[in-house]
Structures are given as C-alpha cells and as structure tokens.
Amino acid sequence: MIRHIVLLQIPSHVSEEKIAKIMGQLETAALAVPGMVAFCGGAKRPGSGLSQGFTHAVNIDFVDEAARDVYLSELDHDRVGIRLSEMTEGGLGGILIMNINIDEISTPEKRSDKKPELRWV
C-alpha cells in the first residue's frame, strides 16, 4: 500500500473558500480512483512549530503505485494540479510530495484505557 503525502504552503491572502474548493477537487479526484483507500486533508493544527511554512496537508492511501498514478493523471486531466501550484507560495516550490510504503504499519499493543505518556527526549 502507498501513502501519498502532500504538504502545501498556501499564503494567508488565499481565501478559505478557494482553499476549500481545491481541497474538494483533490478529494473528488482521489475518490474517482478505484484503488484509493482513504483520503484526508486540511489546515495544519497548532503545535510543534516545525511546519516550516507548510500550512495544509493531504494524505491519500492507495492500494499500489498504479492506483496512485491514475490519481495523478486525473489531476492532470482536470488541471487541478496546475491550479494548486498557482495558489501555493512559489508555485511548485510551495508543494512537497512524498510517497511511502505502508504495507507494514506498527501499532501499539492493546492496553487499558490509560492515557499514553508521551515526552520529548
């Protein structure tokens, strides 16, 4: 399985309506692909302070690279990718894309309902 991760640097002058529209178009393109397993996307949440200017993200899981490639061609067909690069900071420079293999995902052992203790080291 392939996890397609997209990070976006969208300037503050871009309206929420325009952002919602492009995110909806990305989701529609992903949902049109038979090998798409899951889609999520949205604005970053406050927290780590390590976002390096990236303001939004999209995460899509595909059954394989072929399904991911169908999605990418769907973006080209509808020119969604071009519109996305036109709204990001620096065009393609405001977009970071990674694909990782998630065939083996580690999960914690099932424990009681106790809240996990997490710490910075």
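The values are calculated or read from the model by the stated rules, or taken from the named source; none is laboratory data. The model shown is predicted, which means the values in this text are computed figures rather than measured ones. Ideal geometry is used to build each Cβ from the backbone, glycine not excepted, and the neighbour counts take in all protein chains shown.
Details
- Taking the stretch 3-121 as the region of interest, the strands (runs of 3 or more DSSP E) fully inside it that hold 2 or more residues being surrounded by 11 or more Cβ atoms within 10 Å (Cβ to Cβ) and in contact (Cβ under 8 Å) with a residue 60 or more places away in the chain are 56-62, 95-101.
- Within the stretch 66-121, the only residue that satisfies the criterion of being at pLDDT 85 or above and farther than 24 Å from A30 by Cβ is G90.
- Single residue of Q25, Q52 found to be modelled with pLDDT under 95 and touching a Lys or Arg at 6+ places or on another chain (Cβ under 9 Å): Q25
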